[in-house]
Amino acid sequence: MSAGAAYADWIAVDWGTSRLRVWAMAADGTIRAEAASDDGMGGLARDGFEPALLKLVAPWLGSVPVPVVACGMVGSRQGWAEVPYRTVPCAPGALQPVPVATQDGRIRLFIMPGVSQAKPADVMRGEETQIAGFLVEEPGFDGILCLPGTHTKWVHISAGEIVSFQTFMTGELFRLISEESVLRHGIAAEGFDQARFESAVADALSRPERLAQRLFAIRAEGVLQGLTPEAARSQLSGELIGAELAAARPYWLGQEVVVAGALALAALYGDALQAQGVSAQVLDAGPLTRIGLGRAYTTISETTA
């Protein structure tokens with residue numbers, strides 16, 4: 001490297017509510033280094049974002065400004081800078097990152113816009129970049145992309161566009177119920193009973209209106225019938241995912257479905273759909289955000305070349 005040159009040609013940033021992940025990228029898309037911290041949007045004041053980023057990426061910088069392309073809650077109202085939503089239908093591969101001023105002259109920050117939907121009201125930040133990455137890999141895809149996580153998205157994609165989408169707080173509900181409700185006393189932190197999960201999914205799909213009652217039954221079965229903490233965890237997961245599938249039925253019924261997420265969670269969704277006769281492809285979503293950010297970096301390079 002020449003004197004003053006940076007280790008990273010550009011930096012990819014995925015900034016969520018609870019986690020910050022960064023990658024030092026080469027111009028050809030090779031990952032040179034990566035780092036992460038718990039400095040998510042939820043724990044930062046507006047003036048805390050730049051120091052949190054620099055704490056991770058400073059070793060990758062030189063004297064020449066390095067482009068930083070970020071997606072996620074960093075662009076929300078409570079983030080570093082609010083970046084307006086783009087409304088559906090829209091092509092995630094055509095979304096343009098928005099330049100944001102920084103104090104440190106060693107970085108040039110660009111933040112991806114989120115996507116919004118008027119009816120029913122819904123928003124996403126970060127998933128649009130995952131979807132753009134998915135479409136780089138599968139440009140002809142026409143169907144449903146499910147992105148399970150804290151706030152699971154079901155996205156209808158056609159002709160390279162997000163046509164509509166629906167969000168479920170299933171992951172957040174699982175955390176709150178398992179860690180903060182009365183059920184926390186009988187729910188294991190890990191371990192899984194596949195049969196109990198599948199039974200709970202089927203129960204919730206057939207009678208979603210009984211969800212609140214079935215959740216307390218987990219507590220009662222633990223007290224009276226010796227339900228193990230591992231089985232309780234599996235039943236809670238199945239009840240919540242089954243209720244989600246019941247509500248999302250118009251998205252997956254008769255459609256081509258791809259589930260992209262952390263593999264263990266994505267596999268649960270795949271199993272639940274398989275039980276309903278839907279053979280969903282399951283993908284690791286890990287690389288998709290970086291691929292989507294790489295597409296955005298290319299647009300910056302083209303406009304500044």
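Structure values in brief
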| item | result |
| --- | --- |
| Value of Rg/Rh across the chain [Cα atoms, Kirkwood radius] | 1.02 |
| Cα long-axis angle, helix 211-225 against the chain (0 to 90 degrees, to the nearest 10) | 60 |
| Inter-centroid distance (Cα atoms) of segment 83-137 relative to segment 205-280, Å | 30 |
| Alpha-carbon Debye profile of segment 1-139, log10 I(q)/I(0) at 0.10, 0.12, 0.16, 0.18 Å⁻¹ | -0.33, -0.48, -0.83, -1.03 |
| Likely footprinting exposure, Cys90, Cys146, fewest C-beta neighbours within 10 Å first | Cys90, Cys146 |
| Percent of beta bridges antiparallel (DSSP, the chain, rounded to nearest 5) | 60 |
| Degrees separating the helix 194-206 axis from the principal Cα axis of the chain, which is the longest one | 80 |
| The chain: relative contact order as a whole-number percent, Cα under 8 Å and 6+ apart | 16 |
| Alpha carbon Rg of segment 167-284, scaled by the compact-globule rule 2.2 N^0.38 Å | 1.03 |
| Two-site label geometry, Ser199 and Ser37: point separation in nm, points 7 Å out along Cα→Cβ | 4.7 |
| Protection proxy ranking of 248-256, 66-74 - average other beta-carbon atoms within 10 Å, highest first | 66-74, 248-256 |
| Rel. contact order, % - alpha carbon contacts under 8 angstrom, at least six apart, segment 167-284 | 27 |
| Alpha-carbon gyration tensor eigenvalues x 5, square-rooted, for segment 130-178, Å | 26, 10, 6 |
| Residue-averaged 222 nm ellipticity for the chain, from DSSP H runs of 4+ at -39500 (n - 2.57), nearest 500 | -11500 deg cm²/dmol |
| Computed label-point distance, nm, for sites Ala58 and Leu211 using a 7 Å Cα→Cβ extension | 4.5 |
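Any read-out appearing in this document is the output of simple, stated calculations on the displayed coordinates, not a laboratory observation. Since the model is a prediction, treat every value here as computed from it, not as a measurement. So basically every Cβ, Gly included, is an ideal-geometry build from the backbone, and we count neighbours across all protein chains shown.
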